[in-house]
Amino acid sequence: MKKSQIVLLIFTLLYLALYSVYYFLQHNYEFGIYIFLILIIVLIIVKKETIFGFDDIMLWGISLLGLLHLVAGSFLINDVLLYGYKLYPFLDNGGDFYILKFDQVVHLYGHIVVGMMMFSLVFKSLLRRTNLYLMLFFALCISMGIGVTNEIVEFFVYTILQDNGVGGIYNMGFDLLFNFFGSVIGVLIQFSRLKLRKGMKFE
């Protein structure tokens, strides 16, 4: 591992340890599950670092996503968790049918990072032996699949733990919508970065 990656790993493990203690003392088992999942993701990325080959921008991006997730579940604004905080009423039909909330921004940002990572993996795996549009499509589908998996985890949290902040059907729908937009932006950003960095030509 490079020095910058070691620094990032220490930073990530440190905030995971601190929030593990915090949520344990709060008896918040919902976020205890999320911390465990973030730790698993970190370990997989570290173990397969030579295979994935993610650069520092993507690695810092995914680490900050984990931190945002944990901060949003613990920080209160006017007695409302940051996750549910309403930033601006672009669309407000009552309840969860609302745009724009902090949670939606996190989903957008998170899938920009995930989209970048997935396009990087698809590109590396296919070695440019396929059409550009197929690579973009594959990366988008994988990124969205990760978002759907996250919603499945939230569904199990919702059914297992009575005290949770998962939200209803509109919340899930907007999560998936912002995941999609973030994934599209992410795969296009990473495509542009690779093209500019290496002068690549695609079919």
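Bear in mind that the values in this text are calculations on the coordinates, not laboratory data. In this text the structure is predicted, and so the values were computed from the model without any measurement. A quick note on method: Cβ atoms are made from the backbone with ideal geometry, for glycine too, and the neighbour counts reach across all protein chains shown.
The C-alpha atoms of the chain define a longest principal axis, and helix 3-25 lies at about 20 degrees to it.
Taking R0 as 30 Å, what FRET efficiency do you get between F11 and I51 from their Cβ-Cβ distance, rounded to the nearest 0.05?
Values: r = 23 Å, r/R0 = 0.75.
FRET efficiency, F11 to I51: 0.85.
Report, in debye and to the nearest 20, how large the dipole of the chain comes out about its Cα centre when Lys and Arg carry +1 and Asp and Glu carry -1 on their Cβ. Here the chain has a charge dipole of around 1320 debye. For region 78-133, trypsin sites (Lys or Arg not before Pro) are listed when DSSP marks them as loop and at most 15 other Cβ atoms sit within 10 Å of their Cβ; the list is R128, R129.
Please give the length that would be gained between L177 and I41 if that part of the chain were fully extended, namely 0.36 nm times their separation in residues minus their C-alpha to C-alpha distance (nm, one decimal). Intermediate results must be reported in sequence, preceding the final value.
Working: separation 136, 0.36 × 136 = 48.96 nm, distance 2.32 nm.
Answer, rounded to one decimal: 46.6 nm.
So what's the net charge close to F102: Lys and Arg +1, Asp and Glu -1, counting the other residues with Cβ under 13 Å from its Cβ? Working shown, then result.
Values: positive: K86, K101; negative: D103, D175.
Once all neighbours under 13 Å are counted, the net charge is 0.
Between the helical axis of 102-126 and the longest alpha-carbon principal axis of the chain there is an angle of about 30 degrees. The coefficient of translational diffusion for the chain, derived via Stokes-Einstein from the alpha carbon Kirkwood radius under 37 °C and 0.692 mPa s, stands at 181 µm²/s.
For region 34-66, backbone nitrogen atoms closer than 18 Å to the point 7 Å from V21 Cα along Cα-to-C-beta are found at 35-36. Close Lys pairs in the chain, defined as Cα atoms under 29 Å apart and 8 or more places apart or on different chains, number 21. Relative to the dominant Cα principal axis of the chain, helix 29-47 is inclined by about 20°. The convex hull built on the alpha-carbon positions of region 45-144 has an orientation-averaged projected area of 8.3 nm². Debye-formula intensities of region 1-74, expressed as log10 I(q)/I(0) at q = 0.14, 0.20 Å⁻¹, are -0.43, -0.82 (one equal scatterer per alpha-carbon, no solvent).
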